[in-house]
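Before any comments, here is the structure.
The values are calculated or read from the model by the stated rules, or taken from the named source; none is laboratory data. Note that the structure is a prediction, hence the values are computed from the model and not measured. Cβ sites come from the backbone with ideal geometry, for glycine too, and all protein chains shown count toward neighbours.
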Amino acid sequence: MLKMIRERAADALLRPELLCGEANFRTLAEAIACAVFISHGERLHYVNHAAETITGYAREELLSMTFWDLVHPDCRELVSNRGGVRQGDAEQHAVKILTKNGDERWLDISTTMIEFDGMLASVVSAFDVTERKHAEENVQLLAVTDPLTGLGNYRRLTEALDAEVKRTGRTERPFAILLLDLDQLKKINDRYGHLIGSQALCRLADVLRVFCRAIDTAARYGGDEFAVILPETTAAAARLVASRIRSRLAMDSLQPPLSVSIGVAVYPQDGETIEALLRTADRELYGMKPV
């Protein structure tokens, strides 16, 4: 019900002829939770109290700015590509802004052209949807996250592999994949219990985080099976990473001691499809497994 009231109030702001005068427009604009930004040309000409609350700027500060000044750099290309809006039409989309103290906020905005103070003006009405956006992002993150280790899951792995194949097609730069299998997990479970077995998987995941760059992707895609995708990495560099992972895990003072078998493959030289690449790495991995 509250959402419907807000939408109707915003619709009235975008259709000032319904308000029978500018005074009524200003009265409504100051009363609602919807932020209002009105521009003559580039400069903001009018903002309401909600605009101050959402942005953290005082009204006087906002009136020395443009709405564009508020838009987060990540969203500026998207906003500029939308072009202008004609009088009588309304355009809706989400945009990320930076508040005065540097916080990121997501706004659901509607833009149209109206006559204001005797001049044609651009009016933006905006609802703060940051909490909803964060909830959506959390749902999306959970969908690609392994709940035990916090690494990516099989879906995240396949998405990253697809992206790397496409990137290599554009740049002709190879990428490497490490397939890892935690050795003797069944024996660990049988001897120490499944809680210790789960902790062993998390210990390996923590080591992978240490050696992953920001551009790398680490994932757990099976019970004791992990993978690391290393963009723009040669076979020699990938084997060096594998060696460091083994050494770091062996240095872990926690019990039980852990070891890991690792297979390495590089795209496209070790397989021109994802399936072929994984088979190559898998063969090397199982050739290294302890008997």
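Of all the listed residues (Ile177, Ile114), the sole one being surrounded by 15 or more Cβ atoms within 10 Å (Cβ to Cβ), among the β-branched types (Val, Ile, Thr), closer than 21 Å to Asp206 by Cβ and in contact with a helix residue (DSSP H, G or I) (Cβ under 7 Å, 6 or more places away or on another chain) is Ile177. Of the residues making up the stretch 210-223, those that are closer than 14 Å to Gly152 by Cα and surrounded by 15 or more Cβ atoms within 10 Å (Cβ to Cβ) are Cys212, Asp216, Thr217, Ala218, Ala219, Arg220, Tyr221. For Gly118, state whether it is more than 26 Å from the chain's Cα centre (by Cα) and free of Cβ contacts under 8 Å to residues at least 40 places away in the same chain. Considered against the rule, which asks whether it is more than 26 Å from the chain's Cα centre (by Cα) and free of Cβ contacts under 8 Å to residues at least 40 places away in the same chain, Gly118 comes out as yes.
Right, Leu240: buried (at least 16 other Cβ atoms within 10 Å of the Cβ), at pLDDT 95 or above and not β-branched (Val, Ile, Thr) or not?
For Leu240, the condition - buried (at least 16 other Cβ atoms within 10 Å of the Cβ), at pLDDT 95 or above and not β-branched (Val, Ile, Thr) - is not met.
Within the stretch 253-283, the set of residues being without any contact (Cβ under 8 Å) to a residue 60 or more places away in the chain and more than 21 Å from Glu159 (Cβ to Cβ) comprises Ser253, Leu254, Gln255, Pro257, Arg283.
Check whether at least one residue in the stretch 89-99 is modelled with pLDDT under 80 and among the basic types (Lys, Arg), and report yes or no.
No, the stretch 89-99 contains no residue that is modelled with pLDDT under 80 and among the basic types (Lys, Arg).
Among the conditions (1) at positive phi; (2) without any contact (Cβ under 8 Å) to a residue 24 or more places away in the chain, Asp108 misses just one, which is (1). With respect to being within 19 Å of Gly152 (Cβ to Cβ) and of a type in the set (Ser, Thr, Tyr), Ser243 falls outside the description. The set of residues in the stretch 93-109 that are among the acidic types (Asp, Glu) and within 17 Å of the chain's Cα centre (by Cα) comprises Asp103, Glu104.
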